Amino acid sequence: MKLLIKNGHIIDAKTGLNKVSDILIDDGTVVQIENGIDSTGCETIEAKGMYVVPGLVDAHCHLREPGFEYKEDIESGTRSAAKGGFTSIACMPNTSPVLDNEAMISYVLNKAKADGIVNVYPIGAVSKGLKGEELSEIGELKFSGAVALSDDGRPVNSAALMKKAMQYASMFDITIISHCEDMDLVDEGLMNEGFYSSILGLKGNPAPAEEVMISRDLILAEYTKATIHIAHVTTELGVDLIRNAKRRGVNVTAETCPHYFSLTDQACEGFNTNAKVNPPLRTQKDVEAIIEGLRDGTIDIISTDHAPHHKDEKNVEFKLAANGMVGFETAFPLAITYLVKPGHLSIEDLVKKMCLNPSNMLGINKGSIELGTCADILIFDINEQYTVDISTLESKSKNSPFHGFKLYGQPQYTIVRGNPIVREKVLL
Amino acid sequence: MNLKSKDLLGLRDISSEEIEYILSTAKTMKFILSSNNKKTAHLQGKSIITLFYENSTRTRLSFELASKYMGASAANISASSSSVQKGETLIDTGKTIDRMGSDVIVIRHPMSGAPHLLAQNVKSSVINAGDGMNEHPTQALLDMFTIIEKKGTLKGLKVAIVGDILHSRVARSNIWGMTKLGAEVGISGPATLIPPGIERLGVKVFSTVQEAILDADVVMGLRIQLERQKKGLFPTTREYARFFGLDDKRLKLAKEDAIVLHPGPINRGVELSSAVIDGEQSLINEQVTNGVAVRMALLYLLTRRGSSNEIID
């Protein structure tokens, strides 16, 4: 089957392609990028006035399967991803059982092959059972298909274990994604420590809880020469620490998430549990620093940290509410609306941060549109505004603080291996 | 005048006019309280439920007596002897109470925001009787009532609140309420117990108790909880008393006619010396009486404002 995308403005960060052109896809592969390709015998998508970019790559999400299928499963999670323009997603291992061995990685890969509609890449656990005590079988995880390692959801508390994990993982050339949080400093904090925690009477989780752990892992990475990736960076000092480490030549990449450049801790007002997330939403000053970090390249990646939770886990007292928010279906429009529209990033920059860089960090050879590669593509209209309605989310869970937000850049088409699974904003 | 909301969740959410209206109604209620026959029919046919997830002596009894003095049916539920022990959620418990025909649910809960969650899910009026570290609006109302009774107004008065401000719902409600009525509020306490950014509410933060008390019209001590010491927030109660405790000597820094308040229960010799507690400037016992009057006023105003909770939809 041949698919022809006509007259779209193609932007690709890897090849530097930035022009209006047609793309011909044959049997799932990009075979021609030129103007005026003959459409005979092709299914045609008219993309005039729209941007055509690589399918998004998410380096950080929670698909909840196995173990928490009442929140999300691989089928619903990949459908939600597709709706949001993601064609490749890397899922965290904090499932039940934990993805800390070869059998579990194979399970997810097989399940994804059967039920998934986008490419799924499991991330293995750093420590057995995420307990932070003993290393998991990192070599076997790598060879069974884990694309990175992380105990995400919690930090590796022991600095000594983290150091060993870095040394050991380096041997297999696999990146450790660090969830940075000093639990002593978090001390049961429920939201960012600051004015809003003070007036809501909610226990504060101070920025240093994140920053102390970022510094620890940067120091260990410099010492071990390991490659690490700092997950969900949220604070001004956190950005600065990473900027400095990069200057020192540390092999570090960093990510932030859309909620950290579009919301502040003020969103917790009214005890809004949908704004409860870990790390917590910070202050306006931090939001500005995150944007600056994205702008100057300190922050390489925008990931979703898609964290679905059942309604019953959010419709409770703030203290009891689960941390996290769904993210697949709002991530790209938030980036367009809060980063591209105000001129902080170009579309090409955004394609780097949501396609090429996450793909490179995970080592999965995705995130670009070039001849001979698999046709994973996103087509969007930057000018069309829409209103977020959480009841229409494809995810099983609806825990989003963005209900009612007016955003731009909703995905019009998501194409996986040449197959348009989202057409005119409708998921097939 | 009617209160705007069906609930009283905090003084943050209500206007200065509403606060003044509650306080002036409480004046009438205090008159009733001081009469020989403490019984009125203001709440006849109404049911008031106190739902307490934390221990309490004075607040709970105060609400219960306020209800009974005005002829309401009153019942208590405490977390230790209810379905809460069986894992029932707050919303489910609230709906159950609501469906039995409660008009007002008075809730105390260790988690900030719990009354707000309850209020969104029941038809009954909800009164916050203390939620976590957030607010304790009826305590602040009775504090303000006590001050106004003595001083005539809050406007322009200098109020010093001393102690564990960070964990104090009493302090937060008083800051919201008193600043709305024009008082100049200063706070002081160990640096580990001052909430960050609180000065944005228009309060002054003093690092020494002496500065806070200087020329104050009102000095309020807050309870220091021993478990805060165990968490390392201050070294010992002895050191606390030395630097932040209020004794006769320190009280002399305040205005000569300054009054002393404390929400209770007091750690004698820690927040306040016994001489201060039992001294002439102390209105601590008067606060307790006023608490009943303020709660009578509030129950009356909330049940009066709308239709009662009719069980059948």
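The values are calculated or read from the model by the stated rules, or taken from the named source; none is laboratory data. Bear in mind that the values here come from a model prediction, so they are computed numbers and not experimental data. When we count neighbours, we look across all protein chains shown, and the Cβ atoms used for this are built from the backbone with ideal geometry, even at glycine. Ligands, DNA and RNA are excluded from the accessible area calculation, which covers all protein heavy atoms including side chains. Shrake-Rupley method; radii C 1.70, N 1.55, O 1.52, S 1.80 Å.
Some observations on this one:
- Of the trypsin sites (Lys or Arg not before Pro) found in the range B:1-37, the ones in coil according to DSSP and having at most 14 other Cβ atoms within 10 Å of their Cβ are B:4.
- Loop sites in the range A:188-272: trypsin sites (Lys or Arg not before Pro), DSSP, at most 12 other Cβ within 10 Å: A:225, A:248
- In this entry, the range B:60-134 is assigned a mean projected area of 4.9 nm², taken as a quarter of its C-alpha convex hull surface.
- Computed magnitude of the charge dipole of the protein assembly as shown (debye, nearest 20; Cβ of K, R +1, Cβ of D, E -1): 2220 debye
- Evaluated over the Cα positions of chain A, the convex hull gives a direction-averaged projected area, one quarter of its surface, of 18.4 nm².
- Taking a straight Cα-Cα cut-off under 21 Å and skipping sequence neighbours fewer than 8 places away in the same chain, the lysines within cross-link reach of residue B:38 are B:27, B:30, B:46, B:68.
- In range of the label at residue B:274: residues from the range B:229-258 whose backbone nitrogen is under 18 Å from the point 7 Å along Cα→Cβ: B:238, B:241-242, B:245-249
- The B and A chains share an interface that buries close to 1700 Å² of accessible area, total over both sides, probe 1.4 Å.
- For chain B, the alpha carbon positions stretch 60, 43, 35 Å along the principal axes, listed from largest to smallest.
- For the protein assembly as shown, DSSP calls about 35 percent of its internal beta bridges antiparallel.
- Put a dot 7 Å past the Cα of residue A:31, heading toward its Cβ, do the same for residue B:231, and the two dots end up 6.7 nm apart.
- Net charge in the neighbourhood of residue A:249 (other residues with Cβ under 13 Å of its Cβ; Lys, Arg +1, Asp, Glu -1) is +4.
- Accessible-area composition of the range B:61-202, carbon plus sulfur, in percent [1.4 Å probe]: 53 percent
- A Förster radius of 51 Å combined with the Cβ-Cβ distance from residue A:383 to residue A:134 puts the calculated FRET efficiency at roughly 0.45.
- Taking all protein chains together and a 1.4 Å probe, the residues A:403, A:259, A:9, B:116 rank A:403, A:9, B:116, A:259 from largest to smallest accessible area.
- Fraction of antiparallel bridges per DSSP, the range B:169-298 only, in percent to nearest 5: 0 percent
- Straight Cα distances below 24 angstrom link residue A:128 to the lysines A:71, A:111, A:142, A:163, A:164, A:225, with same-chain residues fewer than 8 positions distant left out.
- When the other protein chains are added to the chain by itself, burial of at least 20 square angstrom of heavy-atom accessible area (probe 1.4 Å, ligands and nucleic acids ignored) affects these residues of the range A:266-310: A:269, A:271.
- Calculated FRET value between residue A:320 and residue A:171, using beta carbons and R₀ = 41 Å, to 0.05: 0.45
- Ratio of Rg to Rh over the range B:1-159 (Cα coordinates, Kirkwood Rh, two decimals): 0.97
- Within chain B, longest stretch free of exposed GluC sites (Glu not before Pro) [DSSP loop, at most 10 other beta carbons within 10 Å]: B:1-255
- Solvent-accessible surface (1.4 Å probe) assigned to residue A:95 amounts to roughly 10 Å².
- Cα-based Rg and Dmax for the range A:1-108, where Dmax is the largest Cα-Cα distance (Å): 18.2, 52
- Cross-link check: pairs A:285/A:396; A:203/B:6; A:14/A:246 evaluated at a Cα-Cα cut-off of 25 Å; pairs beyond the cut-off: A:285/A:396; A:203/B:6.
- Percent RCO, i.e. relative contact order, over the range A:64-143, from Cα pairs under 8 Å lying at least 6 residues apart: 32 percent
- Across the accessible surface of the range A:15-157, with the other protein chains kept in place and a 1.4 Å probe, carbon and sulfur atoms take up 46 percent.
- Interface burial in the range B:88-136 reaches 40 Å² or more for B:111, B:112, B:117, B:133, comparing the full protein assembly with the chain by itself; accessible area from heavy atoms with a 1.4 Å probe.
- Rg [Å, one decimal], Dmax [Å, integer] - the range B:1-81, C-alpha atoms: 14.2, 39
- Segment residue B:13-residue B:100, extension gain: residue separation times 0.36 nm, minus the distance between their alpha carbons: 28.5 nm
- Residues whose amide H comes within less than 5 Å of that of residue A:126, counting only those at least five positions distant or on another chain, are A:150, A:151 (H built at 1.01 Å from N in the peptide plane).
- For the range A:166-201, a reduction of at least 50 Å² in accessible area between the chain on its own and the assembled protein chains (probe 1.4 Å) is found at A:195, A:198, A:199, A:201.
- Relative contact order of chain A, defined on C-alpha pairs under 8 angstrom at six or more residues apart (%): 20 percent
- A viscosity of 1.306 mPa s and a temperature of 10 °C, combined with the Kirkwood radius over C-alpha pairs in the Stokes-Einstein formula, give the range A:141-264 a diffusion coefficient of 105 µm²/s.
- Figure note: A:353, A:113 ranked by solvent-accessible area, largest first, 1.4 Å probe, ligands and nucleic acids not counted: A:113, A:353.
- Distribution of pairwise C-alpha distances over the range A:224-293, 5 Å bins, in %: 4, 17, 26, 20, 14, 10, 5, 3, 1, 0
- Proximal charge balance of residue B:74 [Cβ under 14 Å; K/R count +1, D/E count -1]: +3
- Across the range A:73-232, the convex hull enclosing all Cα atoms gives 127 Å³ per residue.
- Across the range A:181-318, the mean sequence separation of Cα contacts (distance under 8 Å, 6 or more residues apart), normalised by length, yields a relative contact order of 25 percent.
- Ranking A:376, A:27, A:187 by solvent-accessible area of protein heavy atoms (1.4 Å probe, all protein chains present), from largest to smallest, gives A:27, A:187, A:376.
- A viscosity of 1.002 mPa s and a temperature of 20 °C, combined with the Kirkwood radius over Cα pairs in Stokes-Einstein, give a translational diffusion coefficient for the protein assembly as shown of 75 µm²/s.
- Percent antiparallel among DSSP beta bridges (both partners in the range B:1-152, rounded to 5): 5 percent
- Heavy-atom surface of the protein assembly as shown, accessible at 1.4 Å and reported per residue (Å²): 38 Å²
- Cβ-based net charge around residue A:73, under 13 Å, with every Lys or Arg adding one and every Asp or Glu removing one: -1
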